[in-house]
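This report concerns only the one structure given below.
Coordinate-derived values only; no laboratory data. Remember, it's a predicted structure, so these values are computed and weren't measured experimentally. Note that each Cβ is placed from the backbone with ideal geometry, even for glycine, and that neighbours are counted across all protein chains shown.
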Amino acid sequence: MSVFLDANIPTYLVGADHPHRDRARDILDQLILDETRLVTDAEVYQELLRRYAAIERLDAIEPACNALDELVDDVFSIRREDIDAAIPLVLGGAGAPTLYTLPRCAPTG
């Protein structure tokens with residue numbers, strides 16, 4: 001099983017105090033203890049850059065990206081075929097921001 005980490009996770013870990021920080025740490029600790037494969041994609045890094053630049057917290061960019069680097073086993077690129085696979089899902093009513101990664105996380109073979 002793989003678990004996709006979005007930008008909220010490193011934000012909770014390195015950002016200002018947040019009500020979800022302790023819960024995020026607890027869940028991550030359990031996933032790591034269970035040796036769960038943690039993944040993300042290039043869009044998450046881009047979102048961290050945009051978010052911290054927008055709120056003028058440039059000092060948080062490297063810690064957030066480094067935290068994500070430490071956690072994940074794989075970083076997916078965003079390919080056109082991922083977008084093509086996500087289009088019918090979105091048109092069918094699904095709407096997660098990182099929906100195009102779902103086909104990449106699905107078991108293969």
Checklist outcome for this item: Rounded to 0.05, the calculated FRET efficiency for the beta carbons of Val90 and Arg37 at R₀ = 35 Å is 0.85
Next on the checklist: Largest first and in whole Å, what are the equivalent-ellipsoid semi-axes of the chain based on the Cα gyration tensor, each being the root of 5 times an eigenvalue?
Outcome noted: 24, 18, 13
Checklist outcome for this item: So for R0 = 25 Å, FRET eff. of Leu49-Asp73 from the Cβ-Cβ r, to 0.05, ends up at 0.70
Item to check | the chain: calculated mean residue ellipticity at 222 nm from DSSP helix runs of at least 4, using -39500 (n - 2.57) | outcome: -16000 deg cm²/dmol
Checklist entry - Rounded to the nearest 0.05, what FRET efficiency is calculated for Arg80 and Asn8 with R0 set to 35 Å and r the Cβ-Cβ distance? => result 0.85
Next on the checklist: Can you work out the Karplus-derived ³J(HN,Hα) for every residue in the stretch 75-84? Use 6.51 cos²θ - 1.76 cosθ + 1.60 with θ = phi - 60°, whole Hz, and x for glycine or proline.
Outcome noted: 10, 7, 7, 9, 10, 4, 5, 5, 5, 4
